[in-house]
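Below: the structure, in structure tokens.
Only the coordinates and a few stated rules stand behind these numbers; no lab work does. Just so it is clear, the model here is predicted, and its values are computed rather than measured. Cβ sites come from the backbone with ideal geometry, for glycine too, and all protein chains shown count toward neighbours.
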Amino acid sequence: MKKEIILASKDELGVGTVLKSGRYTIQNVMGLNNFGIKYHASDKNGDAFVLKEFFPSEICVRDGSDVAIVSNESIPEFKSLIHGFLKDAGKLVNLDNPNIGSILEVFEENNTAYMVEEVVTGASLLDTVNDPDSELTPQQITSILTQLLLALHDIHALELLHRNIEPQNIT
């Protein structure tokens, strides 16, 4: 019996979509931006993962499960962007820093690329700051900033830039 796939929108893969020869199943959409779509996914054992799909929405569309480039003029840009995604993600797979969530795998499928990350749990810095019952001490702020700077040091050592440092992305 074929599993039902529930579509979320015109761009996102549907809930129940299976990737990497059955290794990962999309559970829901976490968010999207101009360069990609982030999903909650699980493997055959029920373990949870974050799966990031390369999907530059300005130059591509969804065609079934595949990603299609909107025009022939956009092909060079798409190829350049996906090459950069794969190159950067490949560097991150080998990064071992306790202050950065692990990138477990990178693969290509559906005419695009995917990055599989561990699920990082805990309250975000934004949650903590917005919690009226929580007050960060100077020592806690120093600890958070030290960990953040150590993580950035390792990212920059790989000649990468982190363009999404926000309180909701810091746990």
Rounded to the nearest 0.05, FRET efficiency between ASP11 and ASN45 (Cβ-Cβ, R0 35 Å) equals 0.75
Pick out, in residue order, every one of the trypsin sites (Lys or Arg not before Pro) in region 42-131 that is DSSP loop and has at most 12 other C-beta atoms within 10 Å; say none if there are none. LYS44
I'd like the projected area of region 61-144, averaged over all directions, using the convex hull of its alpha carbons. Report it in nm² with one decimal. 8.6
If you average the sequence gap of Cα pairs under 8 Å that are 6 or more apart and divide by the length of the chain, what percent do you get for the contact order? 15
For GLU166 paired with PHE107, estimate the spin-label separation in nm (one decimal), with each label point 7 Å from Cα along the Cα-to-Cβ line. 2.9
For region 17-80, just the Cα atoms, rotate onto the principal axes and tell me the three extents in Å, largest first. 42, 22, 19
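Less than 13 Å Cβ to Cβ from MET115, Lys/Arg counted +1 and Asp/Glu -1: what total charge do the surrounding residues give? Can you show the working numbers first?
Details: positive: LYS20, LYS38, LYS52, LYS87, LYS91; negative: GLU53, ASP88, GLU105, GLU108, GLU109, GLU117, GLU118.
Charge balance in the 13 Å sphere: -2.
Which value, in Å to one decimal place, does the Kirkwood hydrodynamic radius take for region 115-171 when every pair of different Cα atoms is included?
Values: mean 1/r = 0.0778 Å⁻¹.
Answer for region 115-171: a Kirkwood hydrodynamic radius of 12.8 Å.
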In whole angstrom, the spacing between the Cα centers of region 99-171 and region 49-64 equals 22
Cα-only Debye scattering, the chain: base-10 log of I(q)/I(0) at q = 0.09, 0.18, 0.19 Å⁻¹: -0.37, -1.23, -1.31
